Amino acid sequence: MCAVGTGPGDLRAEVRFSTTTPQETIGQAIRFFRQQQEKEPLAAIGIASFGPVDPNPASPTFGYITTTPKPGWAHTDFAGAIRRALGVPVGFDTDVNVAALGEHRWGAAQGLDTFIYLTIGTGIGGGGIINGQLIHGLLHPEMGHIRIPHDWDSDPYPGCCPYHGDCLEGLAAGPAMEGRWGQPADTLPADHPAWPLEAHYLALSLVNFICTLSPQRIIMGGGVMQQQQLFPLVRREVQELLGGYIQATMILERIDDYIVPPGLGNRAGVLGAIALAQQTA
Ligand code: ZN
């Protein structure tokens, strides 16, 4: 998705197309922005990319997609191609870190200095802000690939992560639900046993993130979280798994305000990219 604007109330142009080869996809983005540049100058571009990526501006491979299994995309100089074609400063980060930035600026994380944003869809990813800074470090977080307890008796599905099998993403992303139940997740009825199991896996991951990062809020987006019945199940299970140990009002009494959908809906990513561009300009 490509867009031009300054914020939620000012999106002047946008276009959406499928991700195919790097050459074709990046080429389409460049054509769109060149057309926009003919109307008015662009100050900067912010890119919210699927990963893994190199988000370190000091690295020689900054702005590259690195080891992705997505065909043709490994070792693609994404940010560099955009910068060379359009001649403007380019900010670059993971899709989830950028969505977190959007939620911080205009959505459900305004005023917070430590929170995480998770997306549960075709994959599982997590990003966020800690002490006011987007989370980086060695590379960037890979919250979807943490290992969680897997009871093989109650859930014999082996998981589908090509790297780990039954990591969180391998057990709980959309493709895992489809693999386990034999039909796409969005066609499973709201009272199907798939949902309590899904909530169980997601809650296991959340208690790990709560115990390690102490987020002030957890935002959960992505296609699977469109199933609104998941939120109450996840919240209840998080409280049960924590067992009253973390003495925080947000968890004990206000969990409906603690584990929430994105305030920007499915626009957190594109609006976050605008926020990133504004920081980069
Ligand atoms: Zn994995």
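The values are calculated or read from the model by the stated rules, or taken from the named source; none is laboratory data. This one's a predicted model, so the numbers in the text were calculated from it and none came from an experiment. Backbone-built Cβ (ideal geometry, glycine too); neighbour counts: all protein chains shown. Quick note on the areas: whole protein, heavy atoms, side chains included, nothing else; ligands and nucleic acids left out. Shrake-Rupley method; radii C 1.70, N 1.55, O 1.52, S 1.80 Å.
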Sole exception among (1) open to solvent by 30 Å² or more (accessible area, probe 1.4 Å); (2) without any contact (Cβ under 8 Å) to a residue 24 or more places away in the chain; (3) not in a loop (DSSP other than H, G, I, E, B) for residue 80, by number: (1)
field: Checking residue 21 against (1) more than 21 Å from the chain's Cα centre (by Cα); (2) on the phi > 0 side of the Ramachandran plot, the condition it does not meet
entry: (2)
field: Some residue of segment 120-139 being at negative phi, part of a helix (DSSP H, G or I) and open to solvent by 10 Å² or more (accessible area, probe 1.4 Å)
entry: no
task: With respect to residue 164, determine if the residue is touching a Lys or Arg at 6+ places or on another chain (Cβ under 9 Å), outside the structural domain of residue 54 (by TED's automatic domain parsing) and over 17 Å from residue 272 (Cα atoms).
output: yes
field: Unmet criterion (only one of (1) touching a strand residue (DSSP E or B) at 6+ places or on another chain (Cβ under 9 Å); (2) assigned by TED's automatic domain parsing to the domain that holds residue 21) for residue 117
entry: (2)
Residues of segment 83-103 classified as open to solvent by 20 Å² or more (accessible area, probe 1.4 Å) and either touching a residue at least 60 places away in the same chain (Cβ under 8 Å) or not assigned by TED's automatic domain parsing to the domain that holds residue 64 (or both), total: 2
query: Take the residues of segment 142-174 that are under 17 Å from residue 94 (Cα atoms) and open to solvent by 30 Å² or more (accessible area, probe 1.4 Å): which is farthest from the ligand (Cβ to nearest atom)?
result: 142
